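Visitor: There's a structure below that I have some questions on.
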Ligand code: NVA
């Protein structure tokens with residue numbers, strides 16, 4: 001990593017990107033180094049979680065470490081006490097903080113007040129561990145990343161932003177079909193475009209699903225209402241109604257395209273009822289690969305010779 005932390009895909013040193021995927025695959029197929037023996041991770045989760053919490057807890061155990069789960073009810077980040085106080089206390093007691101937060105700013109504050117690594121387990125703007133697990137899944141399925149085309153349909157949210165950056169880093173073309181109001185955040189779009197240019201890949205936006213899906217190797221979607229956006233539910237469900245990924249949309253992509261979703265999925269909203277069970281769906285492999293990708297991130301941080 002460029003610094004002690006992994007808060008966004010941009011924290012990865014570009015030449016280490018593929019190595020992170022290869023090391024995840026290597027640990028999936030072979031052994032896991034015991035890099036966390038005698039070490040403790042604090043898992044701060046302000047929002048609910050299935051995949052992220054379980055995959056981190058299992059991964060930390062497989063690497064020889066211990067984890068302590070701290071829900072928002074217990075520590076009330078920024079409410080019961082300031083984020084900086086939580087950070088400075090944990091800095092003296094544990095070896096790594098893994099945090100899922102409402103505001104990305106909380107991660108930055110945790111980072112600024114600690115000497116130990118901070119890993120992003122999802123924020124309002126980024127989910128970099130998901131994007132790495134997704135790249136591992138694509139790599140396993142297609143045997144390569146470079147040159148493939150990813151079509152993201154729906155909200156330009158945390159999942160889309162981290163995926164766009166991961167595509168730019170790994171040489172995949174990225175297209176997003178979203179309503180104009182829900183495009184990727186301008187700063188993330190700009191960064192992704194700059195990196196894509198350096199790596200000779202393309203970044204494309206359209207409000208038209210067909211424009212983006214045609215010829216895609218991967219069709220990806222996520223919920224229309226993310227955690228924290230609940231107040232906008234009605235408006236979002238109506239604005240996104242023509243962005244559902246269903247069998248017809250998938251048929252516009254390549255025959256062997258993968259269907260991906262980070263889950264939880266809302267059948268009947270962003271996907272049709274049977275999409276998760278579609279023969280081209282790799283959603284459960286994606287969920288498993290969170291474990292291996294996150295162990296690779298921990299390895300990168302704790303193994304001096306990575
Ligand atoms: N965009 C979703 C992803 C959940 C893993 C959310 O932030 O709620």
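Visitor: Is it fair to say residue 107 is within 30 Å of residue 192 (Cβ to Cβ), surrounded by 21 or more Cβ atoms within 10 Å (Cβ to Cβ) and at pLDDT 95 or above? Working first, answer last.
Guide: On the way: within 30 Å of residue 192 (Cβ to Cβ): yes; surrounded by 21 or more Cβ atoms within 10 Å (Cβ to Cβ): yes; at pLDDT 95 or above: yes.
Yes.
Visitor: Of everything in the stretch 42-81, what is in a loop (DSSP other than H, G, I, E, B), over 18 Å from residue 116 (Cβ atoms) and away from the ligand (no atom under 13 Å from the Cβ)? Give them in sequence order.
Guide: Within the stretch 42-81, 76, 78, 79, 80 meet the criteria.
Visitor: Sticking with this one: Residue 239 versus (1) free of Cβ contacts under 8 Å to residues at least 60 places away in the same chain; (2) within 16 Å of the ligand (Cβ to nearest atom): which is the lone unmet condition?
Guide: Evaluating residue 239 over (1) free of Cβ contacts under 8 Å to residues at least 60 places away in the same chain; (2) within 16 Å of the ligand (Cβ to nearest atom) leaves (1) as the failure.
Visitor: Now for a different question. Within the bounds of the stretch 133-140, is there any residue that is away from the ligand (no atom under 16 Å from the Cβ), over 26 Å from residue 229 (Cβ atoms) and buried (at least 24 other Cβ atoms within 10 Å of the Cβ)? Let's see the steps before the verdict.
Guide: To start, the set of residues in the stretch 133-140 that are away from the ligand (no atom under 16 Å from the Cβ) comprises 135-136, 138-140.
Now narrow it down to the ones that are over 26 Å from residue 229 (Cβ atoms): 136, 138-140.
Next cut, buried (at least 24 other Cβ atoms within 10 Å of the Cβ) only: 136, 138.
The answer is yes; a qualifying residue exists.
Visitor: Moving on. So which residues in the stretch 141-160 are within 16 Å of the ligand (Cβ to nearest atom) and either in a loop (DSSP other than H, G, I, E, B) or modelled with pLDDT under 95 (or both)? Talk me through it step by step, then tell me what you get.
Guide: Step one: list which residues in the stretch 141-160 are within 16 Å of the ligand (Cβ to nearest atom), which gives 152-160.
Across the stretch 141-160, the qualifying residues are 154, 155, 156, 157.
Visitor: Consider the stretch 24-34. How many of its residues are assigned to a helix (DSSP H, G or I) and surrounded by fewer than 22 Cβ atoms within 10 Å (Cβ to Cβ)? Write out each step before concluding.
Guide: Going residue by residue through the stretch 24-34, those that are assigned to a helix (DSSP H, G or I) are 24-29.
Okay, now just the ones that are also surrounded by fewer than 22 Cβ atoms within 10 Å (Cβ to Cβ), so 25-29.
Residues flagged as assigned to a helix (DSSP H, G or I) and surrounded by fewer than 22 Cβ atoms within 10 Å (Cβ to Cβ) within the stretch 24-34 amount to 5.
Visitor: Ok, one more. For the stretch 172-189, enumerate the residues that are buried (at least 21 other Cβ atoms within 10 Å of the Cβ) and part of a helix (DSSP H, G or I).
Guide: Answer for the stretch 172-189, where residues must be buried (at least 21 other Cβ atoms within 10 Å of the Cβ) and part of a helix (DSSP H, G or I): just 188.
Visitor: So which residues in the stretch 98-125 are part of a loop (DSSP other than H, G, I, E, B), closer than 22 Å to residue 58 by Cα and within 12 Å of the ligand (Cβ to nearest atom)? Break it down into steps so the answer makes sense when it comes.
Guide: Here is the first cut: in the stretch 98-125, the ones part of a loop (DSSP other than H, G, I, E, B) are 101-103, 113-117, 121-125.
Next cut, closer than 22 Å to residue 58 by Cα only: 101, 116-117, 121-123.
Selection gives 101, 121, 122, 123.
Visitor: Additional query: Of all residues in the stretch 190-225, count the ones that are under 15 Å from residue 150 (Cα atoms), touching a helix residue (DSSP H, G or I) at 6+ places or on another chain (Cβ under 8 Å) and part of a helix (DSSP H, G or I).
Guide: Of the residues in that region, 5 qualify.
Visitor: Scan the stretch 245-262 residue by residue and report those that are over 21 Å from the mean Cα position of the chain (by Cα), crowded, with 20+ Cβ neighbours inside 10 Å and either within 16 Å of the ligand (Cβ to nearest atom) or in a loop (DSSP other than H, G, I, E, B) (or both).
Guide: Filtering the stretch 245-262 for residues over 21 Å from the mean Cα position of the chain (by Cα) gives 246-256.
Imposing the further condition that a residue be crowded, with 20+ Cβ neighbours inside 10 Å reduces the set to 249-250, 253.
Answer for the stretch 245-262, where residues must be over 21 Å from the mean Cα position of the chain (by Cα), crowded, with 20+ Cβ neighbours inside 10 Å and either within 16 Å of the ligand (Cβ to nearest atom) or in a loop (DSSP other than H, G, I, E, B) (or both): just 253.
Visitor: Still on this model: For the subset of the stretch 157-171 comprising residues that are in contact with a strand residue (DSSP E or B) (Cβ under 9 Å, 6 or more places away or on another chain) and free of Cβ contacts under 8 Å to residues at least 40 places away in the same chain, which member is surrounded by the most Cβ atoms within 10 Å (Cβ to Cβ)?
Guide: 167
Visitor: Output the number of residues of the stretch 35-51 satisfying the condition of being surrounded by fewer than 16 Cβ atoms within 10 Å (Cβ to Cβ) and in contact with a helix residue (DSSP H, G or I) (Cβ under 9 Å, 6 or more places away or on another chain).
Guide: Within the stretch 35-51, the subset surrounded by fewer than 16 Cβ atoms within 10 Å (Cβ to Cβ) is 37-38, 40, 48, 50.
Still in the running and in contact with a helix residue (DSSP H, G or I) (Cβ under 9 Å, 6 or more places away or on another chain): 40, 50.
Residues meeting the conditions: 2.
The values are calculated or read from the model by the stated rules, or taken from the named source; none is laboratory data. As the structure is a computational prediction, the values presented were derived from the model and not from experiment. Methodologically, a virtual Cβ is constructed for each residue, glycine included, from the backbone with ideal geometry; neighbour enumeration extends over all protein chains shown.
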